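Shown next, in structure tokens, is the structure this report addresses.
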Amino acid sequence: MGREFELSKEVELEASPETVWDAIATGPGIDSWFMGPHQVEPRLGGKMSIDLGDFHEESTITAWDPPQRFAYQTEPGPDGTFHAMEYLVEGREGGSTVLRFVHNGFLSDEWGSEYESQTSHGWDMYLHTLGQYVKYFPGRPGTYVFLQTPETTDAWDKLLAGLGLEEPYAPGDSVHLTLDGLPPIDGVVDFAVPGFRELLGIRGTEGLYRFHGGGASIGLGHHAFGEPHAEAWQDWAKRTF
């Protein structure tokens, strides 16, 4: 049978409440740190949607109080499943902001794997990416670039080799990679969980590059603040894996 769940997080962000609001409650803002593309109707009761490849999801905005509170809930599925997100924004002296985030809902009969995906490090990475966005790329709309690498053995080892990284790696480590026809990307590791070979974040001068693993294929979910260069990333994935 299904199960209810609730997950709460709190992060301090180096940005004003207004900057954070634009990042969490507008389509271009959400696309710059979460997934995309999003469409947001800016009002209580407004609609919100995401279209990512074959995936489409619609939600209703259940709280709209800029720049303090934003919440929405997905349309319930045939089995009663839904997800609800709430963001509470509080400014602090010195210009920073505390963001309190709550994700709750109802999971299907296959709740075991779903619950694991909701309560693992996934939201830690997304909220960290939000912090990196509002600190290093505030107000710059990002293009979300998603692709899945070819399946292979030792996918995570090949990813690290392609990035020029060796274990143990940690935030602050330098990264250098080359995409055909483009200037080299020099960046730093900005997100890593010791011993957890499934999530990795790289910050460059023109993008936030995210890698999601755990199996025979690696998902690339990048936020590009210059040209997205999706074809160049596809070529890189084919060469690397």
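Side notes on the structure shown:
- Subset of region 79-96 (residues that are modelled with pLDDT of 95 or more and of a type in the set (Val, Ile, Thr)): 89
- For region 79-98, residues that are among the acidic types (Asp, Glu) and assigned to a loop (DSSP other than H, G, I, E, B) total 2.
- Unique match (being in contact with a Phe, Trp or Tyr (Cβ under 6 Å, 6 or more places away or on another chain), at pLDDT 95 or above and surrounded by fewer than 20 Cβ atoms within 10 Å (Cβ to Cβ)) among 137, 225: 225
- Counting only residues that are free of Cβ contacts under 8 Å to residues at least 24 places away in the same chain and open to solvent by less than 30 Å² (accessible area, probe 1.4 Å), region 14-44 holds 3 of them.
- Segments classed as strands (runs of 3 or more DSSP E), wholly inside region 149-241, with at least 2 members that are among the hydrophobic types (A, V, I, L, M, F, W, C) and within 21 Å of residue 52 (Cβ to Cβ): 199-203, 207-212, 219-224
- Qualifying residue in region 198-210 (condition: in contact with a Lys or Arg (Cβ under 6 Å, 6 or more places away or on another chain) and under 23 Å from residue 153 (Cα atoms)): yes
- Candidate set: region 60-84, residues that are out of contact with any Pro (no Cβ under 6 Å at 6 or more places or on another chain) and of a type in the set (Phe, Trp, Tyr); chosen: the one most open to solvent (accessible area, probe 1.4 Å): 64
- Restricted to region 97-108, and to residues there that are of a type in the set (S, T, N, Q) and either open to solvent by 70 Å² or more (accessible area, probe 1.4 Å) or at pLDDT below 95 (or both), the residue that is farthest from residue 17 (Cα to Cα) is 108.
- Enumeration of residues in region 182-238 that are of a type in the set (S, T, N, Q) and either under 16 Å from the mean Cα position of the chain (by Cα) or over 20 Å from residue 165 (Cβ atoms) (or both): 234
- Yes/no for residue 15 being in a loop (DSSP other than H, G, I, E, B), touching a helix residue (DSSP H, G or I) at 6+ places or on another chain (Cβ under 8 Å) and not aromatic (Phe, Trp, Tyr): yes
- Only residues that are surrounded by fewer than 16 Cβ atoms within 10 Å (Cβ to Cβ) and closer than 12 Å to residue 240 by Cβ were counted across region 159-172, and they come to 2.
- Scanning region 59-78 for residues being outside any loop (DSSP other than H, G, I, E, B), in contact with a strand residue (DSSP E or B) (Cβ under 8 Å, 6 or more places away or on another chain) and either at pLDDT 95 or above or at positive phi (or both) gives a total of 11.
- Filter result for residue 44 (over 16 Å from residue 27 (Cβ atoms), in a loop (DSSP other than H, G, I, E, B) and at pLDDT 95 or above): yes
- Within region 173-184, residues that are without any contact (Cβ under 8 Å) to a residue 24 or more places away in the chain reach partners that are among the acidic types (Asp, Glu) and open to solvent by 50 Å² or more (accessible area, probe 1.4 Å) with beta carbons closer than 8 Å, at six or more positions or on different chains, in the pairs 174/186; 176/186.
The values are calculated or read from the model by the stated rules, or taken from the named source; none is laboratory data. For clarity, every value in this text was computed on a predicted model and none was experimentally measured. Positions of Cβ are backbone-derived with ideal geometry, glycine not excepted, and every protein chain shown enters the neighbour counts. These accessible areas exclude ligands, DNA and RNA; they are computed on the full protein's heavy atoms, side chains included. Shrake-Rupley method; radii C 1.70, N 1.55, O 1.52, S 1.80 Å.
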